[in-house]
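In what follows, a structure is listed as structure tokens, so that the remarks can point back to it.
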Amino acid sequence: MTCKYFVPGPTWVRPEILGEMTRPMIGHRSAEFKELFARIVPDLRALFGTAQDVFVATCSGTAIMEAALLNTAKQRVLVTTCGAFSERFASIAESIGLEVDRLDAGWGHAVDAEELADHLASRRVHYDAVTITHNETSTGVTNDVAALARAVRNESPDTMVIVDAVSSLGGIEVCFDEWGIDVCLASVQKGIALPPGITVFAVSKQALDRAQKVPYRGTYFDFLAFKKNADDGSVPTTPSIPHFYALAAQLDHIIRGEGLDARYRRHLAMRDLVIERTSRMARLASDRAHASATVSALEPARNPEEIREAMKKRGYTLGGGYGQWKSKTFRIGHMGDMTVDDVSAMLDVLDEVART
């Protein structure tokens, strides 16, 4: 089946994966569920690049952004921002009573590791956590998490590094252990290419130790409850079992079917094709040196909504601009299980639209 759905999430889902969600129901405390969970964990560790704990929660990515702060921060956090979704960490932190500082790179730009190091070195305050958005979906910018996390570790070793990988995991490499991340989360409706409804996340031993010292972690969001239940092959509360079936099958496809290296190369090829083929009709709105492999924000000479509407009439759905860029950009999601041929076919139609 050809993909004609090019928004930056939720993404197109293969019919066979949708079929996994129609399997017979099982109890989430049953031996069958433990077997299902046992299939998921090692593949999820491979996807995150970790030997540490990985979990699955029935909720949106925003919920685990909040959970990460509730479990690791008592007073003050530094939020690195470069678009609308990185700003979400700030609003969440403020809503739960934390003191928030920002290091803003500006829309379309990546956060600079040296600026982060300078900020940490020049402040006389301690941050419980620093938040980083790996891939900013609103602008199509990918941050260098390895360099940013290293800056945090060098300046403040006991500060938690919390990473939003919502629109990167499954399409852009994540190296949780190597980069020194403490919490990394991703909802599944983007690079992993499942229907929305669950979020996967990895948590370091350092973060679990920190959670032991935070008295008010809540109930649904308690990382220690996730850890206790995962050690027994289960989850703390009733999960969306159909999603677990789909996740197990999709992880098998990603890890052993396509393979991680091939998947990452395909995403880079789709990005490069989009940037090359749209260059005559639109400007890449983000910094090319940090252009995302999963989503491109494009600023055309004509009204972007006219372009989207014309594409819709031809059967193709593109993403609209977001936040500050809503009126001047449109976005092309090139992530998940779509192919280079799918992207090329869409760009052929976009060429026609550009000429009319």
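The values are calculated or read from the model by the stated rules, or taken from the named source; none is laboratory data. Values in this document were obtained by computation on a predicted structure and should not be read as measured data. All Cβ positions, glycine included, derive from the backbone under ideal geometry; neighbour counts span all protein chains shown. Side chains included, ligands, DNA and RNA excluded: accessible areas come from the protein's heavy atoms. Shrake-Rupley method; radii C 1.70, N 1.55, O 1.52, S 1.80 Å.
Quick notes on this one:
- Rounded is the label for region 78-224, because the ratio a/c of its alpha-carbon gyration tensor axes (a ≥ b ≥ c) stays below 1.5.
- Residues of region 132-162 with an amide N closer than 14 Å to a point placed 7 Å from the Cα of H126 along the Cα-to-Cβ direction: 156-160.
- Label-to-label distance, R256 versus A147, with points set 7 angstrom from Cα along the beta-carbon direction: 3.8 nm.
- Burial order of peptide ranges 90-96, 205-211, 242-248 (average beta-carbon count within 10 Å, highest first): 242-248, 205-211, 90-96
- Hydrodynamic radius of region 3-58 per Kirkwood, over alpha carbon pairs, in Å: 13.9
- Amide hydrogen neighbours beyond the local backbone of T329, cut-off 5 Å, H modeled: G321
- Centre separation in Å (Cα based) which lies between region 322-347 and region 158-233: 27
- Remark: region 208-356 carries 46 Å² of accessible area per residue (probe radius 1.4 Å; ligands, DNA and RNA excluded).
- Per-residue [θ]222 nm for the chain (sum of -39500 (n - 2.57) over DSSP H runs n ≥ 4, rounded to 500): -12500 deg cm²/dmol
- Cα-only Debye scattering, region 213-356: base-10 log of I(q)/I(0) at q = 0.14 Å⁻¹: -0.81
- Alpha carbon centroid spacing (whole Å) that separates region 23-63 from region 101-141: 31
- Mean separation of Cα contacts under 8 Å (6+ apart) over length of the chain, as relative contact order %: 25
- Kirkwood Rh and Cα Rg combined as Rg/Rh, region 287-333: 0.98
- Protein accessible area in the chain, 1.4 Å probe - carbon and sulfur %: 49
- Multiplying the residue separation of R280 and A31 by 0.36 nm and subtracting their alpha-carbon distance yields 83.9 nm.
- Solvent exposure of region 1-87 as accessible area per residue, Å², 1.4 Å probe: 40
- By the compact-protein rule of thumb, 2.2 N^0.38 Å, the alpha-carbon radius of gyration of the chain corresponds to a ratio of 0.98.
- Calculated SAXS-style log₁₀ I(q)/I(0) at q = 0.10, 0.13, 0.18, 0.21 Å⁻¹ - region 22-144, Debye, Cα scatterers: -0.43, -0.67, -1.03, -1.22
- Above-threshold pairs, the threshold being 19 Å between Cα atoms, out of K4/K326; K34/K227; K205/K228; K34/K213; K4/K328; K205/K227: K4/K326; K34/K213; K4/K328
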